[in-house]
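Have a look at the structure below before the remarks.
The values are calculated or read from the model by the stated rules, or taken from the named source; none is laboratory data. These figures come from a predicted structure and were not determined experimentally. Using ideal geometry, Cβ is built from the backbone for each residue, glycine included, and neighbour counts are taken over all protein chains shown. Just the protein is used for accessible areas: all its heavy atoms, side chains included, with ligands, DNA and RNA removed. Shrake-Rupley method; radii C 1.70, N 1.55, O 1.52, S 1.80 Å.
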2 protein chains.
Amino acid sequence: MTAAHTVAVLGAGNLGAPIAYRLGFFGHRVTSYDISDDAVAAARTRMHKIAENYVRDLEDVDKHQADKVPDKIRMTTSLAEAAQGADFIIEAAPENLEVKRATYAQLAPQLEEKTVLLTNTSLLLPSDMMDATGRPEKFLAYHFANTIHLRNIVEIMPTRETDPEVTDAVVDFARTLGMKPIRLHREHAGYVINSLFSTWMRHARDLWVKGVADIETIDDVAEVIASGPDLRPFYAQDRIGFNVSYNVNKVRAAEGDAAAAEYCRRIKEDFMDKGHIGIESGEGFYIYDDERRPIRLSDAAHKHYEPID
Amino acid sequence: MTAAHTVAVLGAGNLGAPIAYRLGFFGHRVTSYDISDDAVAAARTRMHKIAENYVRDLEDVDKHQADKVPDKIRMTTSLAEAAQGADFIIEAAPENLEVKRATYAQLAPQLEEKTVLLTNTSLLLPSDMMDATGRPEKFLAYHFANTIHLRNIVEIMPTRETDPEVTDAVVDFARTLGMKPIRLHREHAGYVINSLFSTWMRHARDLWVKGVADIETIDDVAEVIASGPDLRPFYAQDRIGFNVSYNVNKVRAAEGDAAAAEYCRRIKEDFMDKGHIGIESGEGFYIYDDERRPIRLSDAAHKHYEPID
C-alpha cells in the first residue's frame, strides 16, 4: 500500500467507529475521539464487533489480523490529542449543524497547517459549516455509506471554497481505504446516493398513501425493477432510446421544467443531431459493441456543460 | 394448465407480438390482429424471432415447441374475426388516445357479451377511454413489462367502473400466462413500475443537468444502490427505522406535504405507538425472525386506509 497517513476520527458511534476501524484495517495511524470515557469504552467494544463482521462477511480476511485492528487504534477524549499530527480529520459528530460547528470552532486553533478536515455529514451541506473550520480551502464533505465494509464507496463533495488539489488528494486517500471515490462537482443535499434513494422512497410512500397499491406489491415491483439492467439511469436511457425521452422531456419543458429543457437541448445538439440515439444506433451516453454491450462512455458524455440551478 | 381461453391481441408490433406469442406459448387460442397485410406479415417474422429469444434466454424451453407457437396463432386484419368468441381482447394499439378510442368504438358493436377488454397502454389512463368501449364494467388496463419473457409481471389497473369480479378474473388469467399479477387499486399514470422508474430517471437527469456529478458516476452510484437490499422501499423503511422517517416526513408535512402528513399519521398510530418501529423491534411493515429476516407482512401493513388525493 501507499504511505500510511495519520488520521483522526471525531465521534466513535455507529458512523465513526466503522470508519476508524477501516482506516486501521488499511494500515493508517488512527486516533478515535469521542467526548466521554464511556463513549470511548463503548467504541472499543463496537470495533471488536466490526472485526467479527469483516471476518464473517468478507473473503480473504485473516481473523487474527482483523482482531488486532481495534488495539492499534488510539482512543482519546482529548481533541488536542486527536488533532496532533493529523493529515486528515474525519468528523462524524452528531448530525446537528450547531454541534458540528461548535466542534470545528473548538478544533480550529489546535490544527496543524497541513490538516485536511472532512465532514461525514449525511444531510447537511459543508458550506454551512466551512467558516467555523477556519480553513475552508482544506475542508469538504466525505460521506461513507452505511455498512462500509459491504458498500465501499465514499462520496466526495467539495464546496466552492475547497482547493481542487485538496479534493484530488482525498480522492487518492479514499483509494488507500479500498473505497471507490464518488466525486461530486457541486454541493447537493443528500449527495447522489441519498438524494436518489430518498426520491425513490418518497414516491413509494406516495403510491401507498394514495391507495394505488399495497405495501408488498410496491416492494415486489421495486425488486423487479432493481433486478433488471435498467437501474443505471443513463444506460437505461440508451436502452430506451433518446427519441422517447426527448419527447417526454419536451412536454415537461413546455410545462416549465427548466431541467427538462436543458436535458432536451443537450441530448438533441450533442447526440441526436449526430445520429447517436442510444444502443440502437451503437452510441448514446455509452458506446456499444456489435452485441449491444457497453464498451465505454462516449466522448459527448464527457462534455463539460454549464450547470443550471 | 387451466382451461384455454380464446384471446385476441390488437396490434402486432413490438408490444403486441410478444403478448400474442406468450398467450400461444401457454396454450391459449390466439388471434393476432393488425391493420394491414404488411403489418401481419411482419408480425409473423417477429414472432419467430421471439421464439428464438425464449429458447436462448429461458431454461426448460423446448426449441421444437417454441418454434411451433407462431404457426398456431391466427393472424387477421379483420376486427370482426378478432372479436369472434373472444374471452379477452388485449389492445396494444399505438399509444395515442384518439387511435385507441377509435379502435374501441369500431370494436364495440362486434363484441360478444362475455368479452373482457384489456388495454396495454403505458402512459394513458383507462378511464380516458372507457366510455368508447361501451362496457366500462368489463374494461381495465393490463400492462405488460417490456421483454415479458424476462420480466414476467403484468400490472392490472381497474377504473372506478370496472366490476371487481372482472378484475379477479384477469388476475387469474395472468397466472395462466406465467405472469405475476401486480394489482393496483386505483388509477395512476405510469402504474407502479413506470412511475417509480421515471421518478428515478428524472432525478438522475437533474443531478447531471445541475452539474452535481458525471454520467458514469451517477450510473455507478445507482448500481450500488440497486445491488443492496434497500430497493424494496418498505423493507428499507423497516431497516432504517420508523423514527428517522417519521422525523423527516414530519418536517415535510410542516412544509405542506399532505402525503408526508398522512404517512406520519399512519406509521405513528398503527406502528410506532405499538412499539413497532422496524427490524430493530422485530416488526415494522414486515415481521422478522431472530436473525432479522423478514417472515411475512405485518397485520398492520394489511390495514385498509382511506387514500388521499
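Among DSSP beta bridges lying fully in the protein assembly as shown, give the percent that are antiparallel, nearest 5.
Counting only bridges with both partners in the protein assembly as shown, antiparallel ones make up about 30 percent.
Rounded to the nearest 20 Debye, what is the dipole magnitude of region A:6-183 about its Cα centre when Lys and Arg each give +1 and Asp and Glu each give -1 at the C-beta?
Dipole of region A:6-183, to the nearest 20 debye: 360 debye.
Could you tell me which of the pairs B:Lys63/B:Lys180; A:Lys100/A:Lys138; A:Lys303/B:Lys210; A:Lys100/B:Lys268; A:Lys72/A:Lys180; B:Lys114/B:Lys138 are separated by over 19 angstrom between their Cα atoms in the structure shown?
Checking Cα-Cα distances, B:Lys63/B:Lys180; A:Lys100/B:Lys268; A:Lys72/A:Lys180 exceed 19 Å.
Per residue, what volume in Å³ does the Cα convex hull of region B:163-209 take up?
Convex hull of Cα atoms, per residue: 75 Å³.
Please give the average number of partner chain Cβ atoms lying within 10 Å of the Cβ of each residue in B:15-22, rounded to a whole number.
0
Given a 1.4 angstrom probe, what's the average accessible area per residue across region B:6-183, in square angstrom?
Per residue, region B:6-183 has an accessible area of 44 Å².
Averaged over peptide A:176-189, how many Cβ atoms belonging to another chain are found within 10 Å of each residue's Cβ?
Taking all residues of A:176-189 together, the mean is 3.
Considering the options A:Phe26, B:Gly11, A:Tyr191, tell which one lies farthest towards the positive end of the dipole of the protein assembly as shown, charges being +1 on Lys and Arg and -1 on Asp and Glu at the Cβ, about the Cα centre.
Projecting each Cα onto the dipole axis, the largest value belongs to A:Phe26.
Rounded, prolate or oblate: which fits region B:1-85, taking a ≥ b ≥ c as square roots of the Cα gyration tensor eigenvalues, rounded meaning a/c under 1.5, else prolate when a/b beats b/c?
Oblate, since a/c reaches 1.5 and b/c is not below a/b.
Work out the length of the dipole vector of region B:109-202 about its Cα centre, built from +1 on the beta-carbon of each Lys and Arg and -1 on the beta-carbon of each Asp and Glu, and round it to the nearest 20 debye.
500
Can you list the HN-Hα couplings for region A:13-22, worked out from phi with the Karplus curve (6.51, -1.76, 1.60; θ = phi - 60°), rounded to whole Hz and with x for Gly and Pro?
Going residue by residue, I get x, 4, 8, x, 4, x, 5, 4, 4, 4 Hz, with x marking Gly and Pro.
Once you put a point 7 Å from the Cα of A:Glu291 and another 7 Å from the Cα of B:Arg186, both along the Cβ direction, what distance in nm separates them?
Distance between the two pseudo-spin positions: 4.7 nm.
Mind checking the mean number of beta-carbon atoms from other chains within 10 Å of the Cβ atoms in A:255-265?
The per-residue average across the peptide is 3.
Using a probe radius of 1.4 Å on protein heavy atoms only, what is the accessible area buried between chains A and B, both sides summed, to the nearest 100 Å²?
The buried area between A and B, both sides summed, comes to about 6900 Å².
Could you give the angle, 0 to 90 degrees to the nearest 10, between helix A:215-227's Cα long axis and the longest principal axis of the Cα atoms of chain A?
80
Can you tell me the relative contact order of region B:228-302? Whole percent, Cα pairs under 8 Å, sequence separation 6 or more.
26
How big is the charge dipole of region A:228-302 about its Cα centre, in debye rounded to the nearest 20, if each Lys and Arg gets +1 on its Cβ and each Asp and Glu gets -1 on its Cβ?
140
Starting from the Cα of B:Lys68, draw a straight line to each of the lysines and keep only those under 17 Å, dropping any in the same chain fewer than 8 residues away.
Here the lysines satisfying the reach criterion relative to B:Lys68 are B:Lys49.
Name the long-range amide H neighbours of B:Glu91: under 5 Å, sequence gap of 5 or more, or other chain; modelled H, no Pro or chain starts.
Those lying under 5 Å, H to H, from B:Glu91 are B:Leu10, B:Leu118, B:Thr119, B:Asn120.
Averaged over every viewing direction, what's the projected area of the C-alpha convex hull for region B:228-302? Give it in nm², one decimal, please.
Convex hull of Cα atoms, orientation-averaged projection: 5.0 nm².
Can you give me the angle between helix A:164-176 and the longest principal axis of chain A, using Cα atoms only, in degrees from 0 to 90, rounded to the nearest 10?
80
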